[in-house]
1. Quick one: how many residues across the stretch 272-319 are open to solvent by 30 Å² or more (accessible area, probe 1.4 Å) and of a type in the set (Val, Ile, Thr)?
2. I need the full set of residues from the stretch 213-245 which are exposed (fewer than 14 other Cβ atoms within 10 Å of the Cβ), modelled with pLDDT of 80 or more and in a helix (DSSP H, G or I), in order please.
3. Residues that are farther than 15 Å from LEU100 by Cα and modelled with pLDDT of 85 or more: list the strands (runs of 3 or more DSSP E) wholly contained in the stretch 1-87 that include at least 1 such residues.
4. Residue by residue through the stretch 35-52, note down the ones that are within 10 Å of the ligand (Cβ to nearest atom) and open to solvent by less than 30 Å² (accessible area, probe 1.4 Å).
5. Write out, first by first residue and then by second, each pair whose Cβ atoms fall under 6 Å of each other, whose residues are 6+ apart or on separate chains, and whose first residue, in the stretch 222-243, is under 20 Å from TRP275 (Cβ atoms) and not assigned by TED's automatic domain parsing to the domain that holds ARG90 while the second is open to solvent by less than 20 Å² (accessible area, probe 1.4 Å) and not in a helix (DSSP H, G or I).
6. If a residue must be under 20 Å from LEU7 (Cα atoms) and within 10 Å of the ligand (Cβ to nearest atom), how many such residues does the stretch 69-88 contain?
7. Quick check on my filter: what residues within the stretch 164-194 are modelled with pLDDT under 90, within 19 Å of ALA23 (Cβ to Cβ) and open to solvent by less than 50 Å² (accessible area, probe 1.4 Å)?
Amino acid sequence: MEADIPLRCLAYTSRSNQNWTDADLRELAERAGARNLALGITGRLLFAQGSFIQVLEGAALAPQDLYHRIRRDPRHADVTLLIDMRVGTRSYPSWGMELLTEHDLTPEQTSSVLSQVEKAAQEPAISWDSLLGSIRKLEAGRPATAVNTTPRQSRADVTLDRLLAAARSVLLRDGLTDASMKAVAAEANVSLNTAYRYFSSTEQIVGLMVHRWQTSRIANFAGRLAELRVDNEAQLAGEIADNVSQQYLSNDLIPLRIRLVALRDYHRIAYAELWAFAGLVVQTLERNGLTSADPTRQERIAMALAGIAAQAKMAALHAPDQLHGTRFRDDMASTLTRAMRGAEPAPGA
Ligand SMILES: Cc1cc2nc3c(=O)[nH]c(=O)nc-3n(C[C@H](O)[C@H](O)[C@H](O)COP(=O)(O)O)c2cc1C
């Protein structure tokens, strides 16, 4: 999908400067994942024995720019660059910054992480030994009881999923204004303290629901774009317009009562997505031979996407039937087609 775009893979290790709880780490990874989406960056974050190892991959200089920002973060120190190289494909094509802690480091998972990272290493000038050495050191320093911590980690994931499911039921039953963390904890059958270790408010839970929903949706659609053969911009625009309509009509992960709340915050959350998504659209155009010299094409597409998403949101809130109509879909598609054609004059203009 990204064969024509120079991709770089960067990895570093650092020492933590503070005590990270599982919840802190999860929050770091969730935020990093959301921000990285906007930069088209994917990767993985490992944390074990007080050390971080992070792999960042993305187009052109994006990984380096991010690396220089992360370096300055006072929550860690001794930041050491291990790899900075050009790669042909991403090793972690799913959006988000998946977190692995030492609880996850069963030998199989570790070797799978390593082999995925290794796949990215297609150039000889890499300090692979350092990376492998660092991970081995973590493994070697792992307390013997660490084997028992694997269930603990999966328990944390189970609790998180249970809280999300409980929140969904409570939100549906009580509505957002009346939903309380106490009710969510009771529904999930966990203590209130436990619930607060994961989330500070029901709003935050809705935020995570929406974010998970959006990232899985964009990942699915990105997969479809990668396969898509189109003859012209309008055809691609039509596909996207259909997807936008469906997404706003979709009742699967965000049922109506929550959807109204989710949509209120939708743009704050979705904003980060638009740039990355516009990048995927540009790649799809180029892969289909629909090239353009317009350097602002990605910006134009991102802005057009923001515009049509805002229209779709208003329709979803006030006149959902419009979303089924072809007129609405055709309007969205033609706005997008114009943006895709960039500086080139519209036909007949
Ligand atoms: C170990 C570690 C890894 C991080 N990874 C990322 C990341 O992948 N993406 C990201 O946006 N921020 C990441 N951050 C957070 C950034 O350092 C920074 O706090 C965040 O991007 C906000 O930047 P700003 O304060 O300049 O707005 C990471 C921080 C640490 C300590």
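1. 2
2. ARG224, GLU227, ASP242
3. Details: elements: 7-16, 42-48, 51-59, 76-87.
Qualifying strands (runs of 3 or more DSSP E): 7-16, 51-59, 76-87.
4. Within the stretch 35-52, ASN36, LEU37, ALA38, ILE41, THR42, GLY43, ARG44, LEU45, LEU46, PHE47, SER51, PHE52 meet the criteria.
5. LEU236/VAL230
6. The total comes to 2.
7. Matches in the stretch 164-194: LEU164, ALA167, THR194.
The values are calculated or read from the model by the stated rules, or taken from the named source; none is laboratory data. Nothing here was measured: the structure is a model prediction, and the numbers come from that model. Methodologically, a virtual Cβ is constructed for each residue, glycine included, from the backbone with ideal geometry; neighbour enumeration extends over all protein chains shown. These accessible areas exclude ligands, DNA and RNA; they are computed on the full protein's heavy atoms, side chains included. Shrake-Rupley method; radii C 1.70, N 1.55, O 1.52, S 1.80 Å.
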